[in-house]
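The structure appears right after this line, and notes come after that.
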Amino acid sequence: MTEIATSDFRHPRRHVRLDTILRLRWLAVLGQLAAIFMVAQGLEFDLPIVPCLAIVSLSALLNLALQVAVDPMRRLEPVYAAALLALNIVELAALLYLTGGLQNPFSFLFLAPVLISATALPVRLTIALGLLAVACATLLFFFYFPLPWDSEEPLILPPIYLFGVWLSILVAIGVTSLYSFQVTEEARKLSDALAATELVLAREQHLTQLDGLAAAAAHELGTPLSTIVLVSRELQRTLQDNKEVSADIRTLREQAQRCRDILSKITQLSAIGAPFDRMKLSTLIEELVAPHRDFDVAIKVRIAVSGSNEPVGTRNPAILYGIGNILENAVDFARAAVEVNAWWNDESVEIVISDDGPGFAPDILKRIGEPYLSRRRGADETQSEHTGLGLGVFIARTLLERTGAKISFTNRVFPDHGAVVQIAWPRRRFEAPEADEQPTVQGRHG
């Protein structure tokens with residue numbers, strides 16, 4: 001089973017809608033106006049109202065101009081979105097310059113544009129915005145108008161306190177931006193990997209639908225081909241004295257009959273396909289193992305027969321792809337042999353796939369199944385490295401867990417070496433019809 005390339009789902013270019021930026025800018029305008037009104041009218045502090053209102057008005061006018069000139073639903077190129085966020089930082093720095101610099105408690109709003117960039121824009125632009133915010137905060141450490149305060153009891157903060165505020169802004173920008181970027185990137189990877197999972201399952205289902213199309217084609221073409229055979233037979237009798245024409249008509253009738261035979265076989269295969277919608281556990285394992293028997297790796301299948309009847313499950317594309325992908329990886333990494341062990345009882349069904357390869361690296365053993373996790377490496381330097389395991393295992397694990405399976409990844413106990421993958425179902429889930437197992441995805445039949 002070919003692993004889907006990660007580049008098909010990972011999109012390094014990120015775009016933000018203009019409407020999203022404008023909503024944030026309007027929120028900033030309203031917040032700034034409210035703060036100016038409360039300080040000037042509510043607290044009755046001496047505030048340079050005209051310069052502050054001029055800065056806020058320019059921001060509002062820019063918002064109006066962008067809403068009129070550009071479609072708000074348009075997705076901006078990352079550099080344009082970063083430019084608008086940079087403008088937010090500069091506007092905030094100008095307001096803080098007029099109202100106390102870093103003494104102003106609103107100085108921590110420098111974080112907002114950088115956090116937005118960390119969740120929506122490329123890393124290089126986020127770093128640039130972070131540096132701009134730090135530069136503005138540094139300038140405000142030295143240059144600013146006094147903080148609006150009671151003139152009779154002026155507030156004078158010591159330089160060491162201002163240095164602490166500057167340092168806290170610097171640390172907060174770095175830490176929160178990094179955290180936001182990692183969380184957003186993990187969510188994006190998970191979303192892309194789930195899209196790949198749905199594509200794999202849809203591809204399996206589309207292949208299955210060909211059976212129904214073949215049966216429909218056989219049914220529809222049967223009548224015209226019968227007519228062609230009948231007419232050609234009559235023409236051959238009528239023109240039997242004309243040897244050349246009679247030979248051509250005979251050839252036509254033979255080919256039409258051959259088409260009828262082919263369609264008859266297709267119809268018979270479609271008719272007998274229903275019993276194979278369900279298959280025994282041993283049949284399922286043999287179907288998955290068969291394509292890998294021609295390789296140099298020996299595959300040993302052991303099925304422990306218990307007192308209960310052998311479980312019979314639906315021919316589920318999720319199970320076929322999931323186990324097939326894990327088996328393919330085991331063959332890929334094995335040195336000489338792969339073992340497939342299966343057993344069941346009245347309560348559960350279990351399949352264990354193990355190989356004698358290098359096993360899973362300890363640092364990724366607990367993270368196996370995450371999307372885009374690198375492959376395990378060879379045991380020695382001469383063995384080539386393998387890359388790209390993460391997405392395939394993630395798809396396999398997701399599909400199998402949808403069917404009710406629990407999957408665990410371990411290594412063999414020393415002195416043995418190799419990886420062990422254990423897949424276990426409650427027996428009632430394994431034997432349940434596929435429609436019950438996957439309510440959100442249509443099942444495979446045929």
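The table below gives the values:
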| quantity | calculated |
| --- | --- |
| Hits in the stretch 288-320 - residues which are in contact with a Ser or Thr (Cβ under 6 Å, 6 or more places away or on another chain) and among the basic types (Lys, Arg) | none |
| Boolean, SER308 is within 27 Å of the chain's Cα centre (by Cα) and modelled with pLDDT under 85 | no |
| Tally of residues being open to solvent by 70 Å² or more (accessible area, probe 1.4 Å), at pLDDT below 85 and not in a loop (DSSP other than H, G, I, E, B) across the stretch 415-438 | 2 |
| Pair list, Cβ under 9 Å, 6 or more apart: the stretch 291-312 residue over 26 Å from ALA334 (Cβ atoms), other residue part of a loop (DSSP other than H, G, I, E, B) and open to solvent by 50 Å² or more (accessible area, probe 1.4 Å) | SER306/ASN345; SER306/ASP346; GLY307/ASN345; GLY307/ASP346; SER308/ASN345; SER308/ASP346; PRO311/GLU431; VAL312/GLU431 |
| Residue match in the stretch 243-253 (condition: surrounded by 12 or more Cβ atoms within 10 Å (Cβ to Cβ), part of a helix (DSSP H, G or I) and at pLDDT below 75) | no |
| Total residues in the stretch 127-142, condition β-branched (Val, Ile, Thr) and either closer than 14 Å to SER168 by Cα or in contact with a Leu (Cβ under 7 Å, 6 or more places away or on another chain) (or both) | 2 |
| Hits in the stretch 119-164 - residues which are assigned to a loop (DSSP other than H, G, I, E, B), surrounded by fewer than 17 Cβ atoms within 10 Å (Cβ to Cβ) and out of contact with any Pro (no Cβ under 8 Å at 6 or more places or on another chain) | PHE143, TRP149, ASP150, SER151, GLU152, GLU153, LEU155, ILE156, LEU157, PRO158 |
| Enumeration of residues in the stretch 330-348 that are farther than 14 Å from PRO291 by Cβ and either in contact with a His (Cβ under 7 Å, 6 or more places away or on another chain) or buried (at least 18 other Cβ atoms within 10 Å of the Cβ) (or both) | PHE333, ALA334, GLU339, ALA342, TRP344 |
| Complete set of residues in the stretch 80-112 that are open to solvent by 30 Å² or more (accessible area, probe 1.4 Å) and outside any helix (DSSP H, G or I) | none |
| Residue selected from the stretch 54-79 under the condition surrounded by 15 or more Cβ atoms within 10 Å (Cβ to Cβ) and modelled with pLDDT of 85 or more, by the criterion farthest from PRO148 (Cα to Cα) | PRO78 |
| Neighbours by Cβ (under 8 Å, 6+ apart or cross-chain): first from the stretch 48-59, part of a helix (DSSP H, G or I); second among the β-branched types (Val, Ile, Thr) | ILE49/ILE36; CYS52/ILE36; CYS52/THR99; LEU53/ILE36; VAL56/VAL29; VAL56/ILE36; SER59/VAL29 |
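The values are calculated or read from the model by the stated rules, or taken from the named source; none is laboratory data. All values derive from a computational prediction rather than experimental measurement. All Cβ positions, even for glycine, are placed from backbone atoms using ideal geometry, and neighbour counts span all protein chains on display. In case anyone asks, the SASA skips ligands and DNA or RNA and just uses the protein heavy atoms, side chains included. Shrake-Rupley method; radii C 1.70, N 1.55, O 1.52, S 1.80 Å.
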